[in-house]
There are 2 protein chains.
Amino acid sequence: MSLDEFGLIERIARRVPARADIVLGIGDDAALLQPSPEQQLAVTADTLNAGVHFPLETAAADLGWKALAVNLSDLAAMGATPVWCTLSLSLPEADAAWIDGFADGLFALADASGIALVGGDTTRGPLSVSITAMGRVPAAQALRRDGARPGDDVWISGCPGEAAGALRLWQQGRLDVRGVAADAGHERLRERLQRPTPRLALGRALRGLAHAAADVSDGLLADLGHIAARSGVAAVVQADAVPLSAALCGALGDAAAGDCALRGGDDYELCFTAAPARRAALQALAAHLALPLTRIGRIEAGEGVHCAGAPVAGPAHGYRHFAG
Amino acid sequence: MSLDEFGLIERIARRVPARADIVLGIGDDAALLQPSPEQQLAVTADTLNAGVHFPLETAAADLGWKALAVNLSDLAAMGATPVWCTLSLSLPEADAAWIDGFADGLFALADASGIALVGGDTTRGPLSVSITAMGRVPAAQALRRDGARPGDDVWISGCPGEAAGALRLWQQGRLDVRGVAADAGHERLRERLQRPTPRLALGRALRGLAHAAADVSDGLLADLGHIAARSGVAAVVQADAVPLSAALCGALGDAAAGDCALRGGDDYELCFTAAPARRAALQALAAHLALPLTRIGRIEAGEGVHCAGAPVAGPAHGYRHFAG
């Protein structure tokens with residue numbers, strides 16, 4: 001079945017809930033939104049292109065979920081509460097079943113996270129999804145990258161590297177990203193690649209606890225490097241303190257698992273810094289959220305990201321980019 | 001010269017001005033923005049894909065201008081004042097000269113219109129530009145599509161059809177979209193296609209004067225059809241009242257010119273409805289803005305868009321879509 005642009009828009013628009021902060025939703029030249037008084041707006045935009053950011057055979061529902069998840073992860077890293085988003089979807093051809101699948105994935109996460117789709121467009125072109133997400137955060141409470149201070153601990157949520165591990169399995173021909181994997185460990189990695197969970201509750205809870213935060217979508221060392229650069233400090237990572245999941249080590253071996261955890265991208269955990277006085281509060285938060293939070297290093301005077309502890313396998317030049 | 005993603009972002013970010021309503025600009029997980037109290041937010045998103053929305057040989061600077069212009073036109077049609085935007089740029093390869101040209105065009109219009117680029121991303125992929133633009137508008141003063149009332153006049157700004165005319169000339173091999181055309185009339189059409197002027201001052205001035213408005217990016221009859229549908233009324237267009245520029249008629253002849261004006265897309269004039277009591281005020285506004293405003297029809301009870309007056313050349317089925 002082929003649909004024109006208005007048909008596609010209608011098919012998506014009918015799934016958008018009515019809400020008091022949306023004065024006018026999809027269907028006019030622009031949406032009209034009512035910002036909360038006293039709140040600042042956090043705004044981020046991320047694009048996923050077929051064959052570049054996701055395997056061509058990715059299921060429509062997984063793509064809908066992930067395209068929103070990567071944007072929500074940026075809001076999480078700011079400590080923001082998701083509010084509205086726009087969607088620009090380019091498709092080689094309009095296909096009703098594909099659109100419905102895409103919308104299933106997108107709205108499953110949108111509804112769960114409280115973000116409302118308020119506009120956008122559908123156009124003909126190579127498969128590509130651009131989302132701009134807006135969140136709200138109380139003034140002066142956002143988690144920024146530039147607040148890390150010497151003496152801070154460096155923390156990571158969850159077990160980084162699992163999405164990168166799934167991508168390696170797929171590249172090795174050992175994982176079909178479309179269906180449920182028979183191996184439970186492989187399936188865990190596949191879900192982390194295709195259906196990442198943005199750490200929204202963690203981000204909000206870190207307001208007032210963390211000094212700086214970023215998601216690790218570019219890789220743990222790279223994104224910690226952004227925090228160090230913006231804060232004018234150095235970060236020292238204890239490589240053997242970075243938590244590696246049994247699923248990741250089982251699939252790739254310990255050395256490759258460690259490399260994925262430090263350098264792999266496409267993970268949506270939060271890396272953050274906090275004063276040592278916050279350790280008990282953060283461990284209590286981990287228990288409350290049922291999400292591991294692990295101390296993996298410290299912030300020092302200086303610049304760059306440095307690895308201490310057991311060296312991690314992988315090309316040595318991988319470190320050069322992050323050296324101080 | 002090849003640039004990595006961070007190099008591209010830096011090349012664009014350095015051209016963004018500092019402003020009090022931007023708490024934190026490009027360089028963190030998200031931008032932090034301070035909305036105006038008492039104002040609503042108008043938000044729109046539009047994508048331009050190479051070969052679909054613009055000729056492949058389009059100059060980088062023209063593409064930068066136009067990608068922003070089509071979004072600003074949507075804000076104009078809401079009566080909104082531009083404030084912030086995000087940019088998602090997909091490029092087959094990173095090229096510093098191309099990026100600088102693109103930024104020249106984008107920032108020429110951004111700076112002139114007061115919109116600040118606050119975030120986005122650059123990714124590898126087929127050439128595509130997605131912009132989400134945000135504007136502010138006082139509560140309950142936005143120009144919507146659903147406010148047209150029987151008895152209203154229908155108005156159009158400027159001379160519609162010139163961009164569509166330029167596209168036809170290009171399709172006929174009679175116009176090079178990259179350079180200044182030797183024929184002054186052709187050059188006027190080329191500028192309208194490549195460097196459209198969003199009618200921002202008109203949109204703001206129409207608050208309180210117009211009952212409904214839309215830009216005519218989908219074509220005059222199509223977008224007037226959206227106003228009629230959303231308002232639950234019929235629109236009757238006096239085809240021979242639609243202003244045709246000498247440049248358009250000279251390039252294509254009167255019949256094709258009329259077809260471009262009624263059905264051509266990619267024009268960024270505003271179509272709006274207003275009570276007959278506003279005629280003098282609107283003519284004064286036209287003089288003040290040095291922008292023609294022309295009465296081309298009326299709103300009636302019923303539904304659909306109907307053409308009266310001299311029939312306009314073109315395939316008859318072009319009307320069917322708009323028939324009541």
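The values are calculated or read from the model by the stated rules, or taken from the named source; none is laboratory data. Note that the structure is a prediction, hence the values are computed from the model and not measured. Note that we place each Cβ from the backbone using ideal geometry, even for glycine, and neighbour counts take in every protein chain shown. Quick note on the areas: whole protein, heavy atoms, side chains included, nothing else; ligands and nucleic acids left out. Shrake-Rupley method; radii C 1.70, N 1.55, O 1.52, S 1.80 Å.
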Of all residues making up region A:14-41, the number that are touching a Pro at 6+ places or on another chain (Cβ under 8 Å) and facing chain B (nearest Cβ under 7 Å): 4
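Regarding region B:243-254, can at least one residue be identified that is among the acidic types (Asp, Glu), in contact with a strand residue (DSSP E or B) (Cβ under 9 Å, 6 or more places away or on another chain), at pLDDT 95 or above and farther than 17 Å from B:Ala210 by Cβ? Step through it out loud before you land on a result.
Pass one, region B:243-254, residues among the acidic types (Asp, Glu): B:254.
From what is left, the residues that are in contact with a strand residue (DSSP E or B) (Cβ under 9 Å, 6 or more places away or on another chain) are none.
Within region B:243-254, none of the residues are among the acidic types (Asp, Glu), in contact with a strand residue (DSSP E or B) (Cβ under 9 Å, 6 or more places away or on another chain), at pLDDT 95 or above and farther than 17 Å from B:Ala210 by Cβ.
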Matching residues in region A:25-71 - criterion: being of a type in the set (A, V, I, L, M), in contact (Cβ under 8 Å) with a residue 24 or more places away in the chain and under 28 Å from B:Gly79 (Cβ atoms): A:Ile26, A:Ala30, A:Ala31, A:Leu33, A:Leu41, A:Ala42, A:Val43, A:Ala45
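Of all residues being open to solvent by 30 Å² or more (accessible area, probe 1.4 Å) and part of a strand (DSSP E or B) in region B:121-137, which is farthest from the other protein chains (Cβ to nearest Cβ)? Just the residue, please. Please lay out each step first, then the result.
Restricting attention to region B:121-137, the residues satisfying the condition of being open to solvent by 30 Å² or more (accessible area, probe 1.4 Å) are B:124, B:126-127, B:136.
Now narrow it down to the ones that are part of a strand (DSSP E or B): B:124, B:136.
On the way: B:Arg124: 5, B:Arg136: 9 Å.
Among residues in region B:121-137 that are open to solvent by 30 Å² or more (accessible area, probe 1.4 Å) and part of a strand (DSSP E or B), the one farthest from the other protein chains (Cβ to nearest Cβ) is B:Arg136.
Each row is one residue, and each column tells you yes or no for (1) more than 16 Å from B:Ala148 (Cβ to Cβ); (2) surrounded by fewer than 18 Cβ atoms within 10 Å (Cβ to Cβ).
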| residue | (1), (2) |
| --- | --- |
| B:Arg178 | yes, yes |
| B:Gly219 | yes, no |
| B:Ala222 | no, no |
| B:Val242 | yes, no |
| B:Leu248 | yes, no |
| B:Gly253 | yes, yes |
Complete set of residues in region A:161-198 that are farther than 19 Å from A:Val52 by Cα and part of a loop (DSSP other than H, G, I, E, B): A:Arg174, A:Gly179, A:Val180, A:Ala181, A:Ala182, A:Asp183, A:Thr197, A:Pro198
Test: A:Asp152 is farther than 15 Å from A:Asp266 by Cβ, in contact (Cβ under 8 Å) with a residue 12 or more places away in the chain and open to solvent by 30 Å² or more (accessible area, probe 1.4 Å): no
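Among A:Gly173, A:Gly135, A:Gly161, which is the only one that is over 16 Å from the mean Cα position of the chain (by Cα) and either of a type in the set (Gly, Ala, Ser) or not assigned by TED's automatic domain parsing to the domain that holds A:Val83 (or both)? Outline the logic, then answer.
Working: A:Gly135 fails: over 16 Å from the mean Cα position of the chain (by Cα); A:Gly161 fails: over 16 Å from the mean Cα position of the chain (by Cα).
Among A:Gly173, A:Gly135, A:Gly161, only A:Gly173 is over 16 Å from the mean Cα position of the chain (by Cα) and either of a type in the set (Gly, Ala, Ser) or not assigned by TED's automatic domain parsing to the domain that holds A:Val83 (or both).
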Close pairs (6 angstrom Cβ cut-off, 6 or more residues apart or separate chains): more than 10 Å from chain A (Cβ to nearest Cβ) in region B:212-229, among the β-branched types (Val, Ile, Thr) anywhere: B:Leu221/B:Val305; B:Leu224/B:Val305; B:Gly225/B:Val305; B:Ala228/B:Val305
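Is it the case that some residue within region B:89-100 is more than 9 Å from chain A (Cβ to nearest Cβ) and crowded, with 24+ Cβ neighbours inside 10 Å? Steps first, please.
Taking region B:89-100 first, the residues more than 9 Å from chain A (Cβ to nearest Cβ) are B:91-100.
Filter again for crowded, with 24+ Cβ neighbours inside 10 Å, leaving none.
Scanning region B:89-100, I find no residue that is more than 9 Å from chain A (Cβ to nearest Cβ) and crowded, with 24+ Cβ neighbours inside 10 Å, so the answer is no.
Based on what the data block shows, is B:Gly147 in contact with a helix residue (DSSP H, G or I) (Cβ under 9 Å, 6 or more places away or on another chain) and farther than 18 Å from B:Asn71 by Cα?
Working: in contact with a helix residue (DSSP H, G or I) (Cβ under 9 Å, 6 or more places away or on another chain): yes; farther than 18 Å from B:Asn71 by Cα: yes.
Here the answer is yes, as B:Gly147 does meet what is asked.
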